[in-house]
1. If I filter the range 33-45 for residues that are closer than 19 Å to Gly216 by Cβ, in the same structural domain as Gln70 (by TED's automatic domain parsing) and touching a Lys or Arg at 6+ places or on another chain (Cβ under 7 Å), do I get at least one hit?
2. Between Leu176, Leu164, which is aliphatic (A, V, I, L, M), out of contact with any strand residue (DSSP E or B) (no Cβ under 7 Å at 6 or more places or on another chain), outside any strand (DSSP E or B) and closer than 22 Å to Arg47 by Cα?
3. For Leu242, which of the numbered conditions (1) more than 16 Å from the ligand (Cβ to nearest atom); (2) open to solvent by 20 Å² or more (accessible area, probe 1.4 Å) fails to hold?
4. How about the range 1-73: which strands (runs of 3 or more DSSP E) wholly inside it have at least 1 residues that are within 11 Å of the ligand (Cβ to nearest atom)?
5. Exactly one of (1) touching a strand residue (DSSP E or B) at 6+ places or on another chain (Cβ under 8 Å); (2) exposed (fewer than 13 other Cβ atoms within 10 Å of the Cβ); (3) without any contact (Cβ under 8 Å) to a residue 40 or more places away in the chain is unmet by Tyr302. Its number?
6. Is it the case that some residue within the range 120-134 is at pLDDT below 90, part of a helix (DSSP H, G or I), under 32 Å from the mean Cα position of the chain (by Cα) and not β-branched (Val, Ile, Thr)?
7. Working carefully through the options Arg182, Arg151, Arg141, Arg146, find the one that is surrounded by fewer than 16 Cβ atoms within 10 Å (Cβ to Cβ), more than 19 Å from the chain's Cα centre (by Cα) and not in a loop (DSSP other than H, G, I, E, B).
8. May I ask you to say which residue of Leu161, Leu156, Leu100 is within 24 Å of Gly29 (Cβ to Cβ), modelled with pLDDT of 90 or more and within 16 Å of the ligand (Cβ to nearest atom)?
Amino acid sequence: MAQIRVESLRKSFDQFAAVQGSNFTIDDGAFFAMLGPSGCGKTTTLRMIAGLELPTEGKILLDNEDVTFQRASARDIAFVFQLFALYPHMNVAENIGFPLKCQGMARRDIYQRVQETAKLLRIEHLLSNKTSKLSGGDRQRVALGRAMVRRPKAFLMDEPLGALDAEFRHLMCSELRDLHDRIGATTVYVTHDQLEAMSMADRIAVMNEGRVEQIGLPQEIYDRPASMFVADFIGSPPMNFLRFEAGLRSGDRTISFHDTSIAVPEIREDRASAGMALGVRPEHIRFADAAPVRGEVFGAEYLGTTQIVTVDTAHGRIAARLPSSAPVRIGERVGLEFRSERLALFDVASGLAIRTANEGSANHG
Ligand code: ATP
């Protein structure tokens, strides 16, 4: 197993900078997700770690060994692609054992390894089946088996569940995480799906336009987003932003919000008056008659235990997550009260979070 470190990693395609100076360390045995919208540089970063793409600048270290210019085949890393091309003329055991056969391993040893791998994946009963007769999930397991059988130092996975329907993807997420817990191999998992990243990863790097915006535990990223991009990308519905203009002083516990004042977590830096955004997650809002922000209920989406209620205010349309039992009438005038200790503040020009008592260890990538 291996620790993976990337230092000042850059990749340009002609004039276009696809990866713009990434720095991070993936601990030995960790499940690390790279999360971001299409085109943000996730796959390019993964391909550089695998040795399939040469960086324009920067270093890649595997267990402190510089492998930046090492060929992919010498890195002992398994790359699992989205589309699993199994060999249709081979049965499951032959598919799984194929990489070992290519290495020239003795038949008896291959048999042993294939048995062990199939046991870990709980597909021993399928070993003599043809792959064309397998269900989608079993095909994924065979493909994983083929990657695992070499016992690589790390697994790199590029949207491996992207082609599956939602219900099956959810099932495979818990299987992948369970498998990771049993074999403990360092895993780098690329996805644009926040739920996949949040549910499986120990740590997440959120990427945007070639840059790592934040690296942290799933909960840190959700609770203390380092930028407006992260706050908006994570969470469904995303964080609400209410714009205002004000200066901030370290030690303040309230902000001047238009013609009123709102309690916030203690501010930990001084800021000259500028465009700011107050960030509030939908679940940290409730209706209260005397609340400072008021508006008219636009709609309500019933979700079982909760409902998403949208309210049109002078600061834009705000989404609140309320218990589904809360009485809501479309068109009704309501006041919105925010849970002050969970509020976030951002500088609109840079998009970055302002340090507050709620910032904790949130870290800019
Ligand atoms: P997706 O999920 O859509 O693959 P991604 O975050 O993985 O997105 P990348 O595939 O890393 O993004 O691509 C990052 C950017 O680099 C994109 O704008 C893409 O068009 C560009 N790019 C990637 N590979 C090449 C290439 N070989 N030549 C030119 N541009 C490329």
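The values are calculated or read from the model by the stated rules, or taken from the named source; none is laboratory data. From a predicted model like this one, the values you see are computed outputs, not experimental measurements. Virtual Cβ from ideal backbone geometry, glycine too; neighbours counted across all protein chains shown. For accessibility, only protein heavy atoms count, side chains too; no ligands or nucleic acids. Shrake-Rupley method; radii C 1.70, N 1.55, O 1.52, S 1.80 Å.
1. Within the range 33-45, the subset closer than 19 Å to Gly216 by Cβ is 33-37, 40-42, 45.
With the extra rule that they be in the same structural domain as Gln70 (by TED's automatic domain parsing), the set shrinks to 33-37, 40-42, 45.
Now drop any that are not touching a Lys or Arg at 6+ places or on another chain (Cβ under 7 Å), which leaves 34, 36.
Within the range 33-45, one or more residues are closer than 19 Å to Gly216 by Cβ, in the same structural domain as Gln70 (by TED's automatic domain parsing) and touching a Lys or Arg at 6+ places or on another chain (Cβ under 7 Å).
2. On the way: Leu164 fails: closer than 22 Å to Arg47 by Cα.
After applying the criteria, what remains is Leu176.
3. (2)
4. 4-13, 16-26, 31-35
5. Every condition holds for Tyr302 apart from (1).
6. Checked against the condition, which is being at pLDDT below 90, part of a helix (DSSP H, G or I), under 32 Å from the mean Cα position of the chain (by Cα) and not β-branched (Val, Ile, Thr), the range 120-134 yields at least one hit.
7. Details: Arg151 fails: not in a loop (DSSP other than H, G, I, E, B); Arg141 fails: surrounded by fewer than 16 Cβ atoms within 10 Å (Cβ to Cβ); Arg146 fails: surrounded by fewer than 16 Cβ atoms within 10 Å (Cβ to Cβ).
Residue meeting the stated conditions: Arg182.
8. Details: Leu161 fails: modelled with pLDDT of 90 or more; Leu100 fails: within 16 Å of the ligand (Cβ to nearest atom).
Step by step, each of Leu161, Leu156, Leu100 is checked, and only Leu156 is within 24 Å of Gly29 (Cβ to Cβ), modelled with pLDDT of 90 or more and within 16 Å of the ligand (Cβ to nearest atom).
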